[in-house]
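The values are calculated or read from the model by the stated rules, or taken from the named source; none is laboratory data. Note that the structure is a prediction, hence the values are computed from the model and not measured. Reconstructed Cβ throughout: ideal geometry from the backbone, glycine too, with neighbour counts over all protein chains shown. Heavy atoms of the whole protein, side chains included, go into the accessibility calculation; ligands, DNA and RNA do not. Shrake-Rupley method; radii C 1.70, N 1.55, O 1.52, S 1.80 Å.
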Amino acid sequence: YIGRFSYDYKGRYLVEFGFREDGSSRFAAGKQWGFFPFASGGWRISEEGFWKNSSLLSKVNNFKLRASYGELGDESGLSYQFLTGYNYPAGGSPGGLPAGSVFDGTFINGVASRGLANPLLSWYTAKTIDFGVDFEAWNGLFGFTVDYFQRDRSGLNTPRGATLPDVVGAGLPQENINGDRTKGIDFDISHRNKVGDFNYNFKAIF
């Protein structure tokens, strides 16, 4: 299910809300669905009356503040870990040979346990925020854009940092226990102009 609502008032106030609700058969019942909302807003201050009526500020033809927040889900990981049972034929050995045994001169495929089941595994979530500024003056002779962003991921799939004795005959399952953070700044400077019938533009991105 996907929904989105957008509103634009005279190119001055901009807002948007939305969501996704996704389901995956990879997870057990009760863990299959994830709800992921997002929202963003912008204010073009340069469209305000006090800005346009100012002899100094009117040289800036676009000045906008932006902010956004969003969540996304990811179903990556080993499929159907909530199921118990065995795999047949069993996976191959490190040398590339199939797993099994020879009986009376005939090779018989082996079976392997699927490992310990984890019915609690579900989506991992990425939450991203962004704050930005757009600036352009003298009809494009000088402009810049600055964005600060941060993405926090939680519930990343990984097995616990422990081992089980060989007698168990199975490994630990994946769980939603890891996380990470990515953050940074995007910055660009631009210039555009027209000389006669010749249009050109320049942009440097950092």
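At a Förster distance of 30 Å, what's the computed FRET efficiency of F206 paired with A39, Cβ-Cβ distance as r, to 0.05?
Working: r = 28 Å, r/R0 = 0.92.
Once the sixth-power term is evaluated, E becomes 0.65.
Computed over the Cα atoms of the range 166-206, what is the convex hull's projected area averaged over all directions, in nm²?
Numbers: hull surface 27.0 nm².
Convex hull of Cα atoms, orientation-averaged projection: 6.7 nm².
If r is the Cβ-Cβ distance from D74 to H191 and R0 is 30 Å, what FRET efficiency results, to the nearest 0.05? Before the final figure, lay out each step's value.
Details: r = 39 Å, r/R0 = 1.31.
The calculated FRET efficiency here is 0.15.
So for each of 16-26, 156-166, 117-127 I average, over its residues, the number of other beta carbons within 10 Å; can you give me the resulting order with the highest mean first? Write out the running numbers ahead of the final one.
Details: 16-26: 14.5, 156-166: 11.3, 117-127: 19.2.
Top to bottom by mean Cβ count within 10 Å: 117-127, 16-26, 156-166.
If I model a spin label as a point 7 Å beyond the Cα along the Cα-Cβ vector, how far apart are those points for E48 and I177 in nm?
Label at E48, label at I177, 5.1 nm between them.
How much length is gained if the chain between L141 and T158 is pulled fully straight, taking 0.36 nm per residue apart and subtracting their Cα-Cα distance, in nm to one decimal? Please report the intermediate quantities before stating the final value.
On the way: separation 17, 0.36 × 17 = 6.12 nm, distance 5.10 nm.
Between L141 and T158, full extension yields an extra 1.0 nm.
If I histogram all Cα-Cα distances within the range 128-187 using bins 5 Å wide from 0, what percent of pairs lands in each bin?
Reading upward from the zero bin: 4, 14, 14, 11, 10, 9, 8, 7, 7, 5, 4, 3, 2, 2, 1, 0.
For K31, enumerate residues with amide H under 5 Å from its amide H, sequence gap 5+ or separate chain, H modeled in the peptide plane.
none
How much of the accessible area of the chain, probe 1.4 Å, is carbon plus sulfur, in whole percent?
Result for the chain: 57 percent of the exposed heavy-atom area is carbon or sulfur.
With every protein chain left in place, what is the accessible area per residue of the range 1-76 in square angstrom, probe 1.4 Å? Write out the running numbers ahead of the final one.
Working: 4870 Å² over 76 residues.
Per residue, the range 1-76 has an accessible area of 64 Å².
Tell me, what HN-Hα J-couplings in whole Hz come from the Karplus equation 6.51 cos²θ - 1.76 cosθ + 1.60 at θ = phi - 60° for each residue of the range 193-204, using x for Gly and Pro?
Rounded to whole hertz, the list is 7, 9, 10, x, 9, 9, 9, 8, 8, 9, 8, 10.
Whole-Hz ³J(HN,Hα) for each residue in the range 155-166, computed from phi via Karplus 6.51 cos²θ - 1.76 cosθ + 1.60 with θ = phi - 60°, x for glycine and proline: what do you get?
Values, residue by residue: x, 4, 7, 6, x, 5, x, 8, 10, 10, x, 4 Hz.
Amide H of I177: which non-local residues (sequence gap of 5 or more, or other chain) have their own amide H closer than 5 Å, using H built in the peptide plane?
L156, T158
Once phi is turned into ³J(HN,Hα) by the Karplus curve 6.51 cos²θ - 1.76 cosθ + 1.60 with θ = phi - 60°, what whole-Hz value does each residue of the range 53-66 show in order, with x for glycine and proline?
Ordered by residue, 3J(HN,Hα) equals 7, 8, 5, 7, 5, 5, 5, 8, 8, 8, 9, 9, 9, 9 Hz.
Would you mind checking which residues have amide H under 5 Å from N87's amide H? H placed 1.01 Å from N; only 5 or more apart, or other chain.
Hits under the 5 Å cutoff: A112, S113, R114.
Could you give the length gained by full extension between N62 and R114, i.e. 0.36 nm per residue of separation minus their alpha carbon distance, to one decimal place? Display every interim value, and only then the final one.
Values: separation 52, 0.36 × 52 = 18.72 nm, distance 5.93 nm.
Extending this stretch completely gives an extra 12.8 nm.
Return the calculated 222 nm mean residue ellipticity for the chain, to the nearest 500 deg cm²/dmol, obtained by summing -39500 (n - 2.57) across DSSP H runs with n ≥ 4 and dividing by the residue count.
Values: 1 runs with 4 residues, N = 206.
Rounded to the nearest 500, the figure is -500 deg cm²/dmol.
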